[in-house]
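The values are calculated or read from the model by the stated rules, or taken from the named source; none is laboratory data. Not measured: the values here are computed from a predicted model. Heads up, the Cβs are rebuilt from the backbone with ideal geometry, glycines too, and the neighbour counts pull from every protein chain shown.
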Amino acid sequence: MRDAISDAYGVRSAFAHGARLSSGQKSKFENRYGTPDGLVRVTLNFVRKAILISLLVTRTKKDLIRLIDDAFIERPAEDQLQQLLLPVSELV
């Protein structure tokens with residue numbers, strides 16, 4: 001996920017600053033994401049999931065971030081996060 005978002009940001013930056021993708025960059029993205037528009041599809045899928053989570057999760061942003069952080073180090077927080085995201089995971 002991090003690589004795809006980084007790649008998408010790189011493409012956005014190139015276009016925003018008036019550059020174009022080289023044929024090598026286009027080939028790299030096609031190899032990495034399967035099709036010429038694969039990076040767009042992957043990125044849009046991340047956006048779709050983020051929108052669903054923001055609509056369906058009833059916690060505040062601050063509480064959700066705290067729970068995510070805690071889930072990395074505490075098993076009960078991890079279980080709580082999984083339960084919170086269960087309805088979302090069925091949609092994505």
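The C-beta contact set for the range 65-92 (first residue touching a residue at least 12 places away in the same chain (Cβ under 8 Å) and surrounded by 10 or more Cβ atoms within 10 Å (Cβ to Cβ), second residue β-branched (Val, Ile, Thr) and part of a helix (DSSP H, G or I), distance under 6 angstrom, 6+ apart or interchain) comprises Val88/Ile53. Yes or no: Ser6 over 28 Å from Val92 (Cα atoms), of a type in the set (S, T, N, Q) and assigned to a helix (DSSP H, G or I)? No: the conditions fail for Ser6. Looking at the range 44-54 only, could you name the residues that are in contact (Cβ under 8 Å) with a residue 24 or more places away in the chain and loosely packed, with under 13 Cβ neighbours inside 10 Å? The one that is in contact (Cβ under 8 Å) with a residue 24 or more places away in the chain and loosely packed, with under 13 Cβ neighbours inside 10 Å: Arg48. Kindly provide the set of residues from the range 33-58 that are more than 30 Å from Gln80 (Cβ to Cβ) and over 16 Å from the mean Cα position of the chain (by Cα), ordered by number. Gly34, Thr35, Pro36, Asp37, listed by residue number.
Per-residue answers, yes or no, for (1) at pLDDT below 90; (2) among the charged types (D, E, K, R); (3) surrounded by 11 or more Cβ atoms within 10 Å (Cβ to Cβ):
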| site | (1), (2), (3) |
| --- | --- |
| Arg2 | yes, yes, no |
| Ser6 | no, no, no |
| Ala16 | no, no, no |
| Ser22 | yes, no, no |
| Gln25 | yes, no, yes |
| Tyr33 | no, no, yes |
| Pro36 | yes, no, yes |
| Val42 | no, no, yes |
| Leu56 | yes, no, yes |
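At least 3 residues being in the same structural domain as Arg2 (by TED's automatic domain parsing) is the threshold, and among the helices (runs of 4 or more DSSP H) wholly inside the range 12-92 those reaching it are 23-33, 38-56.
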